[in-house]
1. Could you pull out every residue, at least 5 positions away or on a different chain, whose amide H is within less than 5 Å of the one on B:Val49? Hs are placed 1.01 Å off N in the peptide plane, and Pro or chain starts have none.
2. Taking every eigenvalue of the Cα gyration tensor of chain A, multiplying by 5 and rooting it, what semi-axes result, largest first, whole Å?
3. Once label points are set 7 Å from the Cα along Cα→Cβ at both A:Asp113 and B:Glu98, what is their separation, rounded to one decimal in nm?
4. So which aspartates and glutamates pass the test for B:Lys252, namely a Cα distance under 15 Å, with those fewer than 8 places away in the same chain ruled out?
5. Using the charge dipole of the protein assembly as shown (Lys, Arg: +1 at Cβ; Asp, Glu: -1 at Cβ; taken about the Cα centre), state which of B:Ala44, A:Leu231, A:Leu309 has its Cα farthest towards the positive end.
6. Beyond 41 Å, how much of the Cα-Cα pair distribution for the protein assembly as shown remains, as a whole percent?
7. How much FRET efficiency would the formula 1/(1 + (r/R0)^6) give for B:Met52 and A:Asp220, where r is the Cβ-Cβ distance and R0 is 56 Å, rounded to 0.05?
8. Enumerate lysine pairs in chain A that are 8 or more residues apart or on different chains, then count those whose Cα atoms are under 28 Å apart.
Amino acid sequence: MMHWFGILLALAAEPKGEVHFLTTEDGAQVALHHRPADGPPVLLVHGISSNYRCWDLEEGRSLASTLQRAGRDVWLLDLRGHGATKGAKSPYWSRRGWSVDDYGRYDLPAAIDFVLKKTEASELDYVGHSMGGLVVTVALAHRPELPLDRMVILATPMDFTDPDLVSTWGLALGRTLGFFSSVLPSPLAARIHGRFRLPLPVDEMLFTDLSSPARERMYDEIVSPLFLGELRQLWATSEHAYFMDEDHEQRYIEELSSVRVPTRVIAGRGDRIAPVDRVYGFYSALHSAPKDFVVAGKATGFSADYGHLDLPLGDHAEAEIYPLVLEWLTMDEEESK
Amino acid sequence: MSTLFASYLLLSGTMFLSEAVASEDLHVVDAGHSFERRHRVLVASSPGVNPMVTLRWEEALENGGFDAWRLSLGSNVDTPERLFRAISDVEKVWANTEYSIVAHGYIGRFFVDANVGAQRMVLVGAPLGPQVTDTRIGLPPNAGVVVDGLPWPAELLGRLPQVELPRAIAEMYLQFSASSVADDPDAEVLLISSGADVVAPPECVRLPSLDWTDRSFVRVEGVGPHSSTHGDLLRNPIVERQMLRFLRKPKK
């Protein structure tokens, strides 16, 4: 019942386009929101505790609309347990353990296979925000032949050496709280903070350039639950200095060295969650691919020192970030070298 | 607060401004009280920045049990080579004396490159490697032999009183940002960096020093709720706390 209610809610809230629900190889559900156009397909994947609306919040804050207007066939993924799939039935212990590995091994390949089948394209472009960059790293580690043409990665940290309080205590706190529940009630907490501005440095952590009422809307519509499994996997980064698989045996950063997909990596100068130096780890690990690194900050000619959520949603993102994404996706191989 | 402290000490006649001259290019000035038995800490700011900006650190060090000294460069220090030589002269002033260094900005990089014999170094906002993308650093096209201050747009540096500096030294700053990477110094080093500091953000501090044998790194944003620009680092209480904690650590 909850499942159907979730789907109805998703359809009602859908700004435009259609939504497809898929079942992954391990039985979980993901959702693909489609903004159709005649051009080549591009898949957009959100970050932790987020959903597809981070790409499509409202007019002027919608990378999806910008890409669609440019003729790209846009697909926005809701990973399991996020956005439109929140109400999907799944056993308690299974939900509790959902990790970035699950998103990369099952959710993303299912979404890519579906889009390619639906569009009859042979490959697609990929845009990932924050954990969305880790998800594609996991997917490529398990399926190196994944048919990706070009990638843009926003604010994905990959180097966790010199752990700081944000990367240790924040995740440790999340993990501790997570023992009391399968998921952290982050959407409810976010709504309360969005309305009443609790005296916590949450805004400073998330953005520097997101004015009201988009701020409140973001807290209302984007924040999704945090799963203990993903927190546990991310928390291990501070212990191992790198993003590891769930069993702490595989360093995913090493897998990036064989990735050949031309990739632009964008970091925000004001990002407290994925600081420039940690995101630079993603860029520098890509040995084999044509690549490009951008720091979005005042010192590099941008209007603001972009924070973590400013890259997809900030007040200046439409003017400054979306063109960078589109430019890279439409660049040919020679230009990007 | 720091200026008030200094004024009070001067007026009450309790501040000794003893000075040791190593060469015509280097003077070290005993800031605040003179303490014979305390560990000496040389406090340095970069050419192009008003040397009084470190008063607050000097006060914190003196109150924290150290004997703070301020580095002062002669007016003839107009090239990077001469600056390196002047810095190396610290050895002559304090031969056979244990001392540490606390430095803000570019001069910290000069201390690393000169590999002076300090026991410990605290480098705050000191770039150790190049910027990872193109930035707005640069000299005005009509720059003469002396330029107005650091080669960055002033609005990016926060509250930072600047003074003139020789163009040749400003060009060295440009070179630090463009290409060169610092070598591992002999001293034990604490590196403090802020993501909002355009001169020395963590990618120009943490990453080039990852393989150093004896270094600690503190990201200002990882400890407190706010970021600090290059100028703000001089007033950030987190910086003072971390500096004192590091200098007080027992010897290895």
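1. Under 5 Å from the amide H of B:Val49: B:Val163.
2. Details: eigenvalues 124, 109, 97 Å².
Semi-axes (√(5λ), whole Å): 25, 23, 22.
3. In this crude spin-label approximation the distance works out to 6.6 nm.
4. B:Glu98, B:Asp186, B:Glu188, B:Asp214
5. Toward the positive end, the furthest listed residue is A:Leu231.
6. Taking all Cα-Cα pairs of the protein assembly as shown, the fraction more than 41 Å apart is 30 percent.
7. Once the sixth-power term is evaluated, E becomes 0.70.
8. So the count of such lysine pairs works out to 10.
Just so you know, all these numbers are worked out from the coordinates, no wet-lab data involved. Everything numeric here is computed off the predicted structure, so don't read it as measured data. Here Cβ is always computed from backbone atoms with ideal geometry, including for glycine, and neighbour counts include all displayed protein chains.
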